[in-house]
Amino acid sequence: MPRYPRYVCADCVALATDQHGCGVQFFNTGVLGTGCAGSYRADQSRYASNLCWINGQRCAAREARFGGIVIEVVDDE
């Protein structure tokens, strides 16, 4: 079974927005590829959520197991 079965490809990650359509990006906070934080692409101001929307799909960003960031589609509940 894949570790991240609902991961979003790099091309689609570039389309990530907040719920209002403003572009967001995610990055590690630690030098060893740990932690996860977000910012707005336009001005680099803090984005205080790990949720984003890509082509109308709700997604969540988090720290990947061996460093880096992984974004996966979230099931609507």
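The values are calculated or read from the model by the stated rules, or taken from the named source; none is laboratory data. Everything numeric here is computed off the predicted structure, so don't read it as measured data. In this analysis, Cβ positions are derived from the backbone assuming ideal geometry, glycine residues included, and neighbour counts consider all displayed protein chains.
Within the range 1-23, restricting attention to residues that are out of contact with any Cys (no Cβ under 6 Å at 6 or more places or on another chain) and small (Gly, Ala, Ser), the residue that is surrounded by the most Cβ atoms within 10 Å (Cβ to Cβ) is 23. Quick one: would you say residue 41 is touching a residue at least 12 places away in the same chain (Cβ under 8 Å), among the charged types (D, E, K, R) and under 21 Å from residue 4 (Cα atoms)? No. The number of residues in the range 52-77 being buried (at least 16 other Cβ atoms within 10 Å of the Cβ), free of Cβ contacts under 8 Å to residues at least 40 places away in the same chain, farther than 21 Å from residue 2 by Cα and not aromatic (Phe, Trp, Tyr) comes to 1.
Residues in the range 17-28 that are closer than 14 Å to residue 44 by Cα and out of contact with any Ser or Thr (no Cβ under 7 Å at 6 or more places or on another chain): 17, 18, 22, 26, 27.
The rows are residues; the columns are (1) assigned to a loop (DSSP other than H, G, I, E, B); (2) of a type in the set (Lys, Arg); (3) at pLDDT 95 or above.
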position	(1), (2), (3)
1	yes, no, no
21	yes, no, yes
29	yes, no, yes
32	yes, no, no
35	yes, no, yes
39	no, no, yes
52	no, no, yes
58	no, yes, yes
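Kindly provide the set of residues from the range 5-15 that are in contact (Cβ under 8 Å) with a residue 24 or more places away in the chain and either closer than 18 Å to residue 25 by Cβ or touching a Leu at 6+ places or on another chain (Cβ under 9 Å) (or both), ordered by number. Answer for the range 5-15, where residues must be in contact (Cβ under 8 Å) with a residue 24 or more places away in the chain and either closer than 18 Å to residue 25 by Cβ or touching a Leu at 6+ places or on another chain (Cβ under 9 Å) (or both): 7, 8, 12, 13, 15.
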